[in-house]
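Worksheet: the structure to be examined is printed underneath.
The values are calculated or read from the model by the stated rules, or taken from the named source; none is laboratory data. Just so you know, these numbers come straight off a predicted model, no measurement behind them. Glycine gets a Cβ as well: all are built from the backbone with ideal geometry, and neighbour counts include every protein chain shown.
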Amino acid sequence: MALFEEKYGAVVRMVKINDFSKELCGGTHVSRTGDIGLFVIVREENIGSGMRRIEAMTGKHAYRYVSNLRNLWAEVERTLRATGDDVLTKIEKLFERIKELEKRSRHSGEFDAAKVASSLISEAKRINNAKLVVGKVNAVSRDELMQVLGILEKELPSALIFLASALENGKAAFICRITADVIRKFGINAGELVKEAAQITGGGGGGRPDFAQAGGKNPEKIDEALKAVLKIIDKKFSNRGA
């Protein structure tokens, strides 16, 4: 078989393999595989329908190529302070950390604590002269949750505030602030409220009657926890004639 789209020189080698094939070939040939020495595949690609091309290095070029790879790998191990299979594990963890930081960076530009607080205030219930704010916030960290709480505290001098959020670390967070007048009138305790929410979400926590925070392992149960907290609040307020 002669491939006419190929370019041949004045002298062309004929390669015959028994009676199976007989082809013209202008490529490089050796008398035996030992002449090749080390053989390293460095590239493989698709060049057409059902056709692949393999590029390789041989001889001293292959040895130099492998030596450079070994030096590069040693440098990677030194940089990551890991060896063998631990290098891949370290790289995977670094990629996870990068994704986490990128996500946090994007979110930090999107999260508006003042806007979130304003929305919660507009939906707050009034109980006598106090405001009741119980809600789930789209915060990825406790710092963001505290930012919202700080704004609510300034805007609501008399209030019961209970906030929950599913954090980026895969856990639930709860924060509760109750002003002194609400505690005196209704006998309600912030520590008891966050403890109830934490137990439902598989966690724990507590604090003072006026301020408490807690965490949970199952953020998917936050809505259930908020319902339980509201039930306790309603019972307290009902018993004190709210």
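Just checking, does region 167-188 include any residue being among the acidic types (Asp, Glu) and modelled with pLDDT of 90 or more? Give the derivation first.
The first filter runs over region 167-188 and keeps only residues among the acidic types (Asp, Glu), leaving 168, 181.
From what's left, modelled with pLDDT of 90 or more: 181.
Yes, because at least one residue in region 167-188 is among the acidic types (Asp, Glu) and modelled with pLDDT of 90 or more.
Given the criteria within 19 Å of Asn129 (Cα to Cα), of a type outside the set (D, E, K, R) and touching a residue at least 12 places away in the same chain (Cβ under 8 Å), does Leu145 qualify?
Numbers: within 19 Å of Asn129 (Cα to Cα): no; of a type outside the set (D, E, K, R): yes; touching a residue at least 12 places away in the same chain (Cβ under 8 Å): yes.
Here the answer is no, as Leu145 does not meet what is asked.
Looking for something outside any loop (DSSP other than H, G, I, E, B), surrounded by fewer than 18 Cβ atoms within 10 Å (Cβ to Cβ) and not aliphatic (A, V, I, L, M) - is there at least one such residue anywhere in region 124-134?
Yes, that holds for at least one residue.
Kindly check whether there is at least one residue in region 197-206 that is touching a Cys at 6+ places or on another chain (Cβ under 7 Å) and of a type in the set (Gly, Ala, Ser). Steps first, please.
Step one: filter region 197-206 for residues touching a Cys at 6+ places or on another chain (Cβ under 7 Å), giving none.
No, there is no match, as no residue in region 197-206 is touching a Cys at 6+ places or on another chain (Cβ under 7 Å) and of a type in the set (Gly, Ala, Ser).
When you go through (1) of a type outside the set (Phe, Trp, Tyr); (2) out of contact with any helix residue (DSSP H, G or I) (no Cβ under 9 Å at 6 or more places or on another chain); (3) in contact (Cβ under 8 Å) with a residue 12 or more places away in the chain one by one for Lys235, which number turns out not to apply?
Here Lys235 clears every test but (3).
Residue by residue through region 173-182, note down the ones that are in contact with a helix residue (DSSP H, G or I) (Cβ under 8 Å, 6 or more places away or on another chain) and either aliphatic (A, V, I, L, M) or over 13 Å from Ser158 (Cβ atoms) (or both). Outline the logic, then answer.
Filtering region 173-182 down to residues in contact with a helix residue (DSSP H, G or I) (Cβ under 8 Å, 6 or more places away or on another chain) leaves 173-178.
Of everything in region 173-182, those that are in contact with a helix residue (DSSP H, G or I) (Cβ under 8 Å, 6 or more places away or on another chain) and either aliphatic (A, V, I, L, M) or over 13 Å from Ser158 (Cβ atoms) (or both) turn out to be Ala173, Phe174, Ile175, Cys176, Ile178.
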